[in-house]
1. VAL113 fails exactly one of the following numbered conditions: (1) within 20 Å of SER19 (Cα to Cα); (2) in contact (Cβ under 8 Å) with a residue 12 or more places away in the chain. What is the number of that condition?
2. Just give me the residues in the stretch 68-113 being open to solvent by 60 Å² or more (accessible area, probe 1.4 Å) and in contact with an Asp or Glu (Cβ under 8 Å, 6 or more places away or on another chain), in sequence order.
3. Restricting attention to the stretch 59-69, does a residue exist that is touching a Ser or Thr at 6+ places or on another chain (Cβ under 6 Å) and touching a residue at least 40 places away in the same chain (Cβ under 8 Å)?
4. Against the condition open to solvent by 90 Å² or more (accessible area, probe 1.4 Å), of a type outside the set (Lys, Arg) and touching a residue at least 40 places away in the same chain (Cβ under 8 Å), how does GLU26 come out, does it pass?
5. Taking ARG25, is it farther than 30 Å from LEU139 by Cβ and either touching an Asp or Glu at 6+ places or on another chain (Cβ under 6 Å) or among the basic types (Lys, Arg) (or both)?
6. Within the stretch 29-56, which residues are of a type in the set (A, V, I, L, M, F, W, C) and open to solvent by less than 90 Å² (accessible area, probe 1.4 Å)?
7. Is there any pair with a first residue in the stretch 81-105 that is of a type in the set (Lys, Arg) and a second that is open to solvent by 50 Å² or more (accessible area, probe 1.4 Å) and part of a loop (DSSP other than H, G, I, E, B) whose Cβ atoms are under 8 Å apart and which are 6 or more apart or on different chains, and what are they?
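The values are calculated or read from the model by the stated rules, or taken from the named source; none is laboratory data. Source: prediction; values computed, not measured. Every residue, glycine as well, gets a Cβ built from its backbone with ideal geometry; the counts of neighbours run over all protein chains shown. Side chains included, ligands, DNA and RNA excluded: accessible areas come from the protein's heavy atoms. Shrake-Rupley method; radii C 1.70, N 1.55, O 1.52, S 1.80 Å.
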Amino acid sequence: ERVLSVHTLGTQAYWDRESAAKMLRELDADKIEVKVPKFAEALAERHTAIDWKELVTRTADYIEHLGAMPDITPANLATIEQPVRWGVGDRDHLVSVEMTLKAMRGCANGELVVFPKTAHPLETVNLDQFAASVKQFVLN
């Protein structure tokens with residue numbers, strides 16, 4: 001009743017133990033700090049209200065929970081009547097085009113948009129293309 005539509009980007013809709021395990025491999029704060037220090041610095045700059053390592057740990061805990069007890073199921077996704085535009089990057093290594101397509105097909109009013117040359121971090125999306133997609137979706 002409160003939401004007219006939703007536009008996502010790189011959103012994992014379906015969770016199971018396997019998909020959670022894949023995502024959890026990416027969420028080790030110590031490994032991030034050693035292997036991708038620039039990303040660690042970006043996380044520290046972006047998340048000033050909470051220590052980025054704690055944020056990564058809390059996110060990992062939540063993903064582990066989702067793998068065991070998913071919040072979104074095919075049954076409740078099918079009950080969403082509002083339009084949902086499922087966006088994904090064609091180079092997203094965490095959320096695949098195929099999984100996003102499955103989620104889109106699970107919604108009565110779902111649609112798919114694939115952003116070229118776009119990986120998982122939000123910073124990789126072309127903001128002009130993303131803004132145009134959101135604007136077109138919301139105004140229609």
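1. Unmet for VAL113, out of (1) within 20 Å of SER19 (Cα to Cα); (2) in contact (Cβ under 8 Å) with a residue 12 or more places away in the chain: (1).
2. Within the stretch 68-113, ALA108, ASN109 meet the criteria.
3. Scanning the stretch 59-69, I find no residue that is touching a Ser or Thr at 6+ places or on another chain (Cβ under 6 Å) and touching a residue at least 40 places away in the same chain (Cβ under 8 Å), so the answer is no.
4. Answer is no for this residue.
5. Considered against the rule, which asks whether it is farther than 30 Å from LEU139 by Cβ and either touching an Asp or Glu at 6+ places or on another chain (Cβ under 6 Å) or among the basic types (Lys, Arg) (or both), ARG25 comes out as yes.
6. Across the stretch 29-56, the qualifying residues are ALA29, ILE32, VAL36, PHE39, ALA40, ALA42, LEU43, ALA44, ILE50, TRP52, LEU55, VAL56.
7. That search, which allows pairs on different chains as well, returns ARG91/LYS117.
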